[in-house]
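Here's the structure we're looking at; comments come further down.
The values are calculated or read from the model by the stated rules, or taken from the named source; none is laboratory data. Please read all numbers here as calculations on a predicted model, not as lab measurements. Note that each Cβ is placed from the backbone with ideal geometry, even for glycine, and that neighbours are counted across all protein chains shown. The protein model used for the area step is the full one, side chains on, heavy atoms only, and it has no ligands, DNA or RNA in it. Shrake-Rupley method; radii C 1.70, N 1.55, O 1.52, S 1.80 Å.
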Amino acid sequence: MTTSFPSPDRSAQQAAEPWQRTALGANLLGPDGALGVTIFEEITALAAAHGAINLGQGFPDEDGPPEILEAARAAIAAGANQYAPGRGVPELRAAVASHQERFYGLRPDPETGVLVTTGATEAIAAAVLAFAGPGDEVLTFEPFYDSYGAVIGLAGADHTTVPLRAPDFQPDLEALEAAMSGRTRMLLLNNPHNPTGSVFTRKALTRIVELALRHDVLLVTDEVYEHLTFDGAHIPVASLPGAAERTLTISSAGKTFSVTGWKVGWLTGPAELVARVRTVKSFLTYSSGMPFQGAVARGLGLPDAYFTGIAETLRRKKDLLSSGLAAAGFRVHASQGTYFVLADCAPLGVVDATDLARRLPALVGVAAIPVPVFCHPEGAERTRSLLRFAFCKKSEILEDAAGRLASLPGKL
């Protein structure tokens, strides 16, 4: 079964059951009601079938810091294998609070303002389910990470999008202002941004906060790539004037420490808002990752050199792959952060990136994700020729991928 796209008339096929709303929100429900698989599953299967280098899914191929790996092993050996406290182990909540103060001057209360979650994905889901429902609108920028659409659909809320346009993929602030209304309950903001690799400017973030204040909109910020920026330090939304009291900040260990399989995330913010999210989270997983939580706490206390070092290493990998894509004939959009770089295949005479993504593993032995799958129909047309490539791989793998991609023009 292949990935499905929603009909342009989304209201005509408004799904009745929760699973249908979830599938529709994630672009997995076709106009005929057929259920598709995620593009990640489809492209990963194609990569495996053709022995391709998988630059589709955003996971590293190297382990994280030895200190935290050993801490996890030691915790397992010491018997830390039962339920963690629902809010998270005190050590990790204290470490998250210290991290926020150390890097950003924020001071969440580790007792009431920090919640440990099963990855950032659960934090996002619990936040949306806690505050949005039928009759509400949840705003995101577009392209959007597919889990946003899925959980907004599950909540029964309406998903409204505001475009991020090439070449810089910065928020369209006039469109954002026009999109906000009395029905707007929440702005779900991802910065640094997946899939575009953009990092929103302070000016844009400040304006977003001003609009949220004017319209009484809750800000939920997905900042999992906070330490993976290439052109300046990350700016948390909660650190901007007027934002703290209406902002829930989400991050995780997966990207910062290259342990995406541990699924340890956290949410910070005002005690009252965090308590409401905790109510929902308690009946999703309750708790998880007991032996990993102390290890992540240790990671958050690593010296500054670790955090600057991971960004610099990733910058070199980004430059390596970007150069290879440009040499292969793609128009490459500069990545300012995250694991990802966008490449436009239009200069190669290809306008359908989704079709090319399905052919690429067999053509040259490289896999990528088409950007239209992160969009509603209008946005999918706007991003029709864009592919997302992940550069969070070993340098020798990226060099091999660049060499393979160099042969693409002659095979189209």
request  = Sum -39500 (n - 2.57) across every DSSP H segment of at least 4 residues in the chain, then divide by the residue count to get the 222 nm mean residue ellipticity, nearest 500.
outcome  = -12500 deg cm²/dmol
request  = May I ask you to give the percent of accessible area on the stretch 239-301 that is carbon plus sulfur, with a probe radius of 1.4 Å?
outcome  = 55
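Excluding residue 157 itself, what net charge comes from residues whose Cβ is under 11 Å from its Cβ, given Lys and Arg +1 and Asp and Glu -1? Please list the in-between numbers first.
Numbers: positive: 21, 183, 185; negative: 136, 137, 158.
Its environment carries a net charge of 0.
Distance check, please: which entries in 255/411; 281/317; 203/394; 263/411; 263/318; 318/411 exceed 32 angstrom between their Cα atoms?
Correct reply: 255/411; 281/317; 203/394; 263/411.
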query = Which residue fluctuates the most in the chain, going by a Gaussian network model with Cα springs under 10 Å, if the choices are 318, 394, 203?
reply = 203
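Kindly report the accessible area of the stretch 357-412 per residue (heavy atoms of protein chains, probe 1.4 Å, no ligands, DNA or RNA), in Å².
Working: 1930 Å² over 56 residues.
The answer is 35 Å² per residue.
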request  = Whole number in Å², please: accessible area per residue of the stretch 304-350, 1.4 Å probe, ligands, DNA and RNA not counted.
outcome  = 38
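Roughly speaking, to the nearest percent, how much of the stretch 320-412's 1.4 Å accessible area is carbon and sulfur? Walk me through the intermediate numbers first.
Numbers: 1510 of 3070 Å².
Solvent-exposed carbon and sulfur of the stretch 320-412 make up 49 percent of the total.
Apply 1/(1 + (r/R0)^6) to the Cβ-Cβ distance of residue 201 and residue 312, taking R0 = 22 Å, and write down the FRET efficiency to the nearest 0.05.
Numbers: r = 22 Å, r/R0 = 0.99.
Between residue 201 and residue 312 the formula returns 0.50.
Can you give the % of DSSP beta bridges in the chain that are antiparallel, to the nearest 5? Could the numbers behind the result be given before it?
On the way: 21 of 42 bridges.
Taking every DSSP beta bridge with both residues in the chain, the antiparallel ones total about 50 percent.
Using the reciprocal of the averaged 1/r over all distinct C-alpha pairs, how large is the Kirkwood radius of the stretch 166-217 in Å?
Values: mean 1/r = 0.0857 Å⁻¹.
It works out to 11.7 Å.
Where only protein heavy atoms count, and the probe is 1.4 Å, what is the accessible area per residue for the stretch 63-133 in Å²?
Per-residue accessible area for the stretch 63-133 comes out at 43 Å².
Please report, as a whole percent, how much of the solvent-accessible surface of the stretch 137-233 comes from carbon and sulfur atoms (probe radius 1.4 Å). Mind dumping the intermediate values first?
Details: 1520 of 3100 Å².
Reported share for carbon and sulfur atoms: 49 percent.
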inquiry  = Place a point 7 Å from Cα of residue 327 in the direction of its Cβ. Which residues in the stretch 396-412 have their backbone N less than 18 Å from it?
reply    = 396-411
request  = Determine the distance separating the Cα centre of the stretch 374-395 from the Cα centre of the stretch 101-158; give it in Å without decimals.
outcome  = 23
